[in-house]
Every structure is written in C-alpha cells, then in structure tokens.
Amino acid sequence: MPVESKLDTAKNSVVINNKIGLVSIFLLGINGIIGSGIFLLPNQVYAKIGVASIAIVLIASFLVLLIALCYAELASKFSENGAAWIYSYRAFGRFVGFEVGFYAWVLGIIILSSEIAGFLTALAGFFPALKNNYVYDLSALIICIFLVVVNYFGVSLSRVLNDFSSVSKLIVIFLFIFVGAFFVDFNNFKPFLLPKVVSDDSFYSSFGAALGIIFYAFTGFSFLPIAAARMKNPQKNIPLALILVIMTCSIIYFLLVAVSISVLGPDLEFSSLPVADAFSKMVGEWGYNLIVIGMLISIGGVILAFSFSVPLIASSLALQHQLLPEFIGRKNKYNRPVNALVITFSLCSLLLLSGDYLFLISLAVFASFVQYIPTALAVIKLRKDQDLPAGFVIPGGVCIPILAICASLYLLSNFNFKIFMFGCAGLIVGAIVYFIQWKYVKVNSSD
C-alpha cells in the first residue's frame with residue numbers, strides 16, 4: 001500500500017475513533033441542559049406563581065418534548081453539522097436557512113455569556129474578590145481563553161471533561177433529591193397558587209412569565225444535533241439521546257423544584273441560591289458548600305458543551321453553501337474551527353462586560369423560539385422529500401409539529417417590547433450579513 005494511502009487510512013481511523021457514542025451523546029445533552037437555570041431560577045418562578053411552579057415544570061417539560069421530537073425526526077435524516085439551520089435550508093431555502101443558523105450562533109454566544117456570568121456569580125461565594133468588576137472581567141477573559149485552548153485540541157479532551165462534569169453534577173443532584181425525601185413538609189404546598197395571581201389577568205401573565213423563565217433551563221437541547229458529524233451513527237443515536245435527555249431532565253427538574261418548595265416554603269421566593277439554601281437547611285453549612293460546588297460543576301459542564309457546539313454553527317455556515325466567509329470555517333489539524341472559536345469567544349467576552357443575567361436568559365429563550373418554529377415547519381415539509389432517508393417519524397401525523405409551533409408562538413407573545421426589539425435586531429443584522437456575503441459569492445463566481 002502506498003505511503004499516502006496508509007496515512008489516509010490512519011487519519012480516517014483516528015477520526016472514527018474520536019467520534020462520540022450514545023452514552024457520551026447522552027451526557028453531552030445532560031451537560032448542555034442542566035446548568036445555571038435550574039439552580040438560580042426556581043425562586044423567580046415561585047415568585048410568579050407559587051407552588052404551581054411544580055406544574056409549570058411539567059408543562060414546560062411536555063412542550064419541550066414536543067419540540068425535541070421535531071428535532072429527533074429531522075436529526076434521523078441528516079448527518080451534517082448544523083442542526084436547525086441545515087433543516088431550514090433544505091426545507092425553505094438559502095435565506096431562511098442562514099437566518100436560522102446565524103440566530104443559532106447568536107443564541108449560543110448569549111447562552112455561553114450568561115452561563116459564564118452565572119459561574120462567576122456562584123464562584124464569588126467562595127472568592128468574594130470576584131465581586132470587584134476588574135477581577136470579574138479578568139476572570140471571564142481567562143475562562144474564555146481556557147475554553148478556546150480546550151476546544152483547539154479537538155473532541156478527546158472535551159469529551160473527557162464533559163463526561164466528568166455530567167456524572168459529577170448528577171451525583172450531587174441525586175444526593176440533594178435523596179436527602180430531600182426525608183424533609184417533606186406538605187404544609188409548604190399550600191396554597192397552590194399565590195393569592196396575587198388568582199384573578200384571570202394576573203394568572204395569564206404570571207403563567208406565561210413563569211413558563212418562559214423555566215424554559216431557559218431546557219434551551220440547550222437544540223444544540224445537541226449541531227455536532228452530528230462528530231458522532232457515531234448520528235441518525236440513530238441523536239433522536240434516541242434527545243428523547244432520553246429531555247425525559248431525564250424533566251424528572252430531575254420536577255424533583256429539584258418540589259424539594260426546594262418542601263424545604264424552604266414561602267422563603268423560596270427570597271432565596272438567591274434556592275437549591276443551596278434548601279440543602280443547607282437540611283444538613284447544615286457543608287450542604288450549602290456542596291451544592292455550590294455542584295453548581296460550579298454543572299454550569300461549567302454547560303459552558304463546556306456549548307463551547308464545543310457553538311463554533312461549529314459558524315463553521316458549518318461558512319463551509320456548507322458559503323453562507324459566511326470561508327475563513328471562518330477553516331479547521332486545524334485536530335479538525336476544530338479555530339477562527340470560529342476565536343470569533344465566538346471574542347463576542348462572548350464583549351457580552352460578559354455588559355450583559356445582565358436575567359436579560360440574557362430572556363433573550364436566549366426568545367432566540368430559541370426563532371429556531372423552534374422553522375424546525376417544526378421543516379418537519380411537515382421534509383416528510384415529502386423523497387431524497388432523504390425515512391428515518392424516525394413522529395407518530396400522529398402533523399399534530400405534534402403543529403402543537404410545537406402553537407406553543408412557541410404562545411411563549412413568544414409573553415416577551416416584553418425590549419426583548420422583541422433586540423430579537424428583531426438580530427434578524428435584521430443576519431439579513432444584512434447574508435446579502436453582503438451573497439453578493440460577494442456572486443461576484444466571485446462570475447469572475
């Protein structure tokens with residue numbers, strides 16, 4: 001065999017061996033979802049609607065599952081990197097595909113920024129110096145540089161850190177739930193609704209706001225199929241992993257919120273770290289420290305998962321169909337998009353200097369639905385595409401995609417004017433970038 005052929009065979013073997021299997025895909029999904037949201041936001045949900053928070057978690061879980069099923073069906077038909085934008089491109093053409101992809105990249109940067117902010121906020125409990133703006137900004141920059149270095153060397157190191165983070169956070173969470181089972185106080189589950197939201201108007205607005213808040217805790221699931229090309233048998237493993245991840249996270253979230261309500265009762269509304277405060281009340285100060293450590297591992301896992309997936313969106317937009325300048329998608333010898341990495345974390349650093357956590361998570365949820373709606377519509381259209389594999393098909397015809405679209409539109413209607421303005425600004429910027437790049441491609445192709 002010629003030397004070149006041996007080298008090619010060895011290179012292909014390394015690529016195949018570096019691909020992640022079902023267990024790691026599942027853990028990557030867990031890491032991409034369970035982050036700052038479920039640790040920092042139960043107090044916000046309780047303040048909106050009281051004990052009915054547990055029902056909100058179940059409703060959100062059901063709606064997320066509807067949307068995840070749409071992703072599962074499409075993921076079974078595609079093996080390329082990109083997820084939502086690839087589906088939209090195939091179903092609705094170049095412009096819609098780019099807008100969805102560009103927005104997905106922006107969404108990933110927003111989530112990365114908010115999770116790093118949450119990580120530093122939790123870390124400040126151990127190191128008060130982080131409350132100083134200069135120390136905070138420097139620490140954020142160091143984290144961004146560290147993530148660029150980790151991702152520069154490809155899948156192997158990221159996979160090890162991801163698996164460690166996922167397993168560690170699950171151990172801490174299950175310990176909290178197990179101990180919490182011995183501290184159940186049913187008196188704290190009355191009344192089911194806060195008195196201030198009993199009227200129809202208050203209930204409608206409070207219900208929508210609470211649902212939107214808890215939705216942030218699930219937003220990471222849509223990023224799982226983005227790195228499809230780096231996974232073993234993605235058309236089979238991703239749909240299965242998506243469904244398992246959503247079901248697992250739903251059970252965990254329900255139990256975490258239920259235990260927090262049971263232990264803290266009305267005090268939950270005023271707790272900035274509800275899960276840590278609840279465990280502290282159960283077992284003492286060491287419990288608070290353990291949960292904060294668990295929070296750091298959990299949030300760090302989300303950051304790691306997103307740092308792996310988000311640059312791939314920009315890279316796939318650049319390399320597939322030239323929707324972004326080609327240099328953005330260039331990869332190193334470890335098959336990682338270096339320029340996309342640097343640009344992603346440069347923008348992330350800028351957001352960290354100016355972003356507010358609650359504003360960022362609201363904007364992230366808004367941006368999520370900009371992906372969910374065209375993805376659900378793509379399910380309906382691409383079922384007629386005879387050139388695609390049959391793959392997994394959601395039962396019930398078009399009922400689930402239509403329900404997913406209706407749920408997304410309802411949640412979009414609950415955002416305030418400021419979020420709408422910023423959200424629409426993102427679409428406008430995307431359109432401008434698209435037409436500049438489209439004109440550049442046309443000029444070069446004519447030459």
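Things to note:
- Residues that are under 19 Å from Ala241 (Cβ atoms) and open to solvent by less than 20 Å² (accessible area, probe 1.4 Å) within the range 78-103 comprise Phe78, Asn81, Gly82, Ala83, Ala84, Ile86, Tyr87, listed in sequence order.
- Residue in the range 364-373 that is on the phi < 0 side of the Ramachandran plot and more than 19 Å from the chain's Cα centre (by Cα) present: no
- The set of residues from the range 376-423 being hydrophobic (A, V, I, L, M, F, W, C), out of contact with any helix residue (DSSP H, G or I) (no Cβ under 9 Å at 6 or more places or on another chain) and more than 23 Å from Ala60 (Cβ to Cβ) comprises Ala390, Phe417, Met421.
- Of the criteria (1) open to solvent by 90 Å² or more (accessible area, probe 1.4 Å); (2) more than 30 Å from Asn233 (Cα to Cα), which one Asn414 fails: (1)
- Pairing each residue of the range 179-194 that is under 22 Å from Ile291 (Cβ atoms) with any residue that is of a type in the set (Gly, Ala, Ser) and surrounded by 15 or more Cβ atoms within 10 Å (Cβ to Cβ), provided the two are 6+ apart or on different chains, yields C-beta distances under 6 Å for Val184/Ser262; Asp185/Ser262; Asn188/Ser262; Asn188/Gly265.
- Residue tally, condition part of a helix (DSSP H, G or I) and either within 22 Å of Ala390 (Cβ to Cβ) or in contact with a Cys (Cβ under 9 Å, 6 or more places away or on another chain) (or both), over the range 24-64: 7
- Residue match in the range 356-372 (condition: under 17 Å from Leu107 (Cα atoms) and either open to solvent by 50 Å² or more (accessible area, probe 1.4 Å) or in contact with a strand residue (DSSP E or B) (Cβ under 8 Å, 6 or more places away or on another chain) (or both)): yes
- Qualifying positions in the range 38-71 - surrounded by fewer than 24 Cβ atoms within 10 Å (Cβ to Cβ) and among the hydroxyl-bearing types (Ser, Thr, Tyr): Ser61
- Qualifying residues in the range 376-403 (those that are closer than 16 Å to Tyr89 by Cβ and open to solvent by less than 30 Å² (accessible area, probe 1.4 Å)) - the one modelled with the lowest pLDDT: Leu388
- Selection within the range 282-314 - surrounded by fewer than 24 Cβ atoms within 10 Å (Cβ to Cβ) and over 16 Å from Leu147 (Cβ atoms): Met282, Val283, Gly284, Glu285, Trp286, Gly287, Tyr288, Asn289, Leu290, Val292, Ile293, Gly294
- Helices (runs of 4 or more DSSP H) (entirely within the range 347-447) containing at least 1 residues that are in contact (Cβ under 8 Å) with a residue 24 or more places away in the chain, among the small types (Gly, Ala, Ser) and farther than 25 Å from Ala217 by Cα: 417-446
The values are calculated or read from the model by the stated rules, or taken from the named source; none is laboratory data. Nothing here was measured: the structure is a model prediction, and the numbers come from that model. FYI the Cβ positions are ideal-geometry reconstructions off the backbone, even for glycines, and counts take in every protein chain you see. Accessible surface areas use protein heavy atoms only, side chains included; no ligands, DNA or RNA. Shrake-Rupley method; radii C 1.70, N 1.55, O 1.52, S 1.80 Å.
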